[in-house]
1. Assuming a ≥ b ≥ c are the square roots of the Cα gyration tensor eigenvalues, decide whether region 135-224 counts as rounded (a/c under 1.5), prolate (otherwise, with a/b larger than b/c) or oblate.
2. Along its principal axes, what span do the Cα atoms of region 305-419 show, with the longest given first and each in whole Å?
3. Over region 1-142, what is the mean sequence separation of C-alpha contacts under 8 Å (at least six apart), divided by residue count, expressed as relative contact order in percent?
4. Note down the relative contact order for the chain as a percent, whole number, built from C-alpha pairs under 8 angstrom at least six residues apart.
5. Mind checking the full-extension length gain between Glu324 and Arg410? Use 0.36 nm per residue of separation minus the Cα-Cα distance, one decimal, nm.
6. Ignoring ligands, DNA and RNA, what percent of the 1.4 Å accessible area of the chain is carbon and sulfur?
7. Want the number for Arg398 to Ala183: 0.36 nm per residue separation, take away the alpha-carbon distance, what's left?
8. Checking the a/c ratio against 1.5 first, then a/b against b/c, what shape does the Cα gyration tensor give for region 26-130?
Amino acid sequence: MSPNLALHELAAARRAAGDPLVHMAFGEARLPLLPGFRRRLVDGAERAGYGPVAGSPAVRREVAGWFARRRVPTDSDQIVVGPGTKPLLMAIQLATAGDVVLPRPAWNSYGPQVGYAGKRAVRVDIPEESGGVPSPDGLRAAIADARSAGRRVGAVVVTIPDNPTGTFAPPALVRELCEVAEAEDLLVVSDEIYRDTVHDGRSDTLLSPAEVAPTRTVVTTGLSKSLAVGGWRIGAARFPAGPEGEELRDRVVAIASDVWTALAGPMDAVAEYAFSEPAEVRRRLAASVRLHGAVATAVHDIVTSAGAACRTPTAAFYVYPDFEALREPLADRGATDSASLAEVLLDAGLLVLAGHHLGDHRGALRCKMATSLLYGEDDDELHAALDAPDPTALPHIRDSLDRIEEGLARLTGRVGARV
Ligand SMILES: Cc1ncc(COP(=O)(O)O)c(C=O)c1O
């Protein structure tokens, strides 16, 4: 079972038993359901028959428009919608050949998916400044190593913006990645599910590889993160224009036809509405990125005040601290690698996802903290968090932040500066 899903169940059991655990091990964007979504879902109940495998013409048109508004002109025929991006990413792995380069660290399901497809994952470290894209030098070296071992790297998966680091690759890095992809004939799979979660709301600062290397980039995106309907399972993939892109899309559609048939009819109706970006969606995105930014920044301040190194979060709802500078005090408490770090953090009341689950080096003292679970437990708390000028001052969020600070202070022996 995916470690994040397993930890989510552990957290539910411990909390039900009265343990006031701060749960940061699950990347669920917790936001209230938009009223328009509820209405579309009810109306969409009429769509009870099997729909077209790639999605209805109407939803594909709206998704194409969503990409076009993000500087990526798209025809409806390039779009396939499905029950979440996870199965779409799996189908892309099944439909392509060769070893697959993954950033280290990266979202925990890419590695298993590559394995299920009978392929080999090659991990390449991310650079200092940002996550989601492997360092170009590391990528070149990995390709050369594979070649000298008689293997071929066929694809590189990137996450822009990134889970787990909560950052996004700067345009220069994306251009360099695309240069390597062009030179080495790689498919770029760009997972852009966090595209609409850039904290300052300026998603125009984000460059997609689809803008730079359009004939060799597949983009996936979905509604689970930006609009918090992960349980509704709505995802979309955009394939390159031209014969090679069409061939890949056809292979993915063939897999879809034999595995999930089509996006559920009511969800097709919701997706058509959401990707058209009506006013309520635009307002929600604007409010939610402020909230993501405020809480992720507060947690970042706490971990860095406690002595960890951590990239400044600029998107999504994660921080990825590195406790290397605290190796000695942590070793005194039994934390000597990523797995034992997560254990001692759990003893201190903090549930995190250990870095090795994300493909990171086992010996590194790194973990992922998902900050969106701090927004609240019910609709009242979530609305208050979205509306507050300073969500970190709300008592329920402040309480979790205090407990993170106290938990870390207990472990490291350092009292962090209050944010
Ligand atoms: C980087 C990344 N890609 C894909 C997914 C899966 O999203 P979906 O709900 O669309 O399957 C997640 C969810 O955690 C994610 O973090």
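The values are calculated or read from the model by the stated rules, or taken from the named source; none is laboratory data. For clarity, every value in this text was computed on a predicted model and none was experimentally measured. Note: ideal-geometry Cβ built from the backbone for every residue, glycine included; neighbour counts use all protein chains shown. Quick note on the areas: whole protein, heavy atoms, side chains included, nothing else; ligands and nucleic acids left out. Shrake-Rupley method; radii C 1.70, N 1.55, O 1.52, S 1.80 Å.
1. Because a/c hits 1.5 or more and a/b exceeds b/c, region 135-224 counts as prolate.
2. Computed over the Cα atoms, the extents are 41, 30, 23 Å.
3. 14
4. In percent, rounded to a whole number, it is 22.
5. Result for the pair: 29.3 nm of gain on full extension.
6. 52
7. Numbers: separation 215, 0.36 × 215 = 77.40 nm, distance 4.98 nm.
The Arg398-Ala183 span can extend by a further 72.4 nm.
8. prolate
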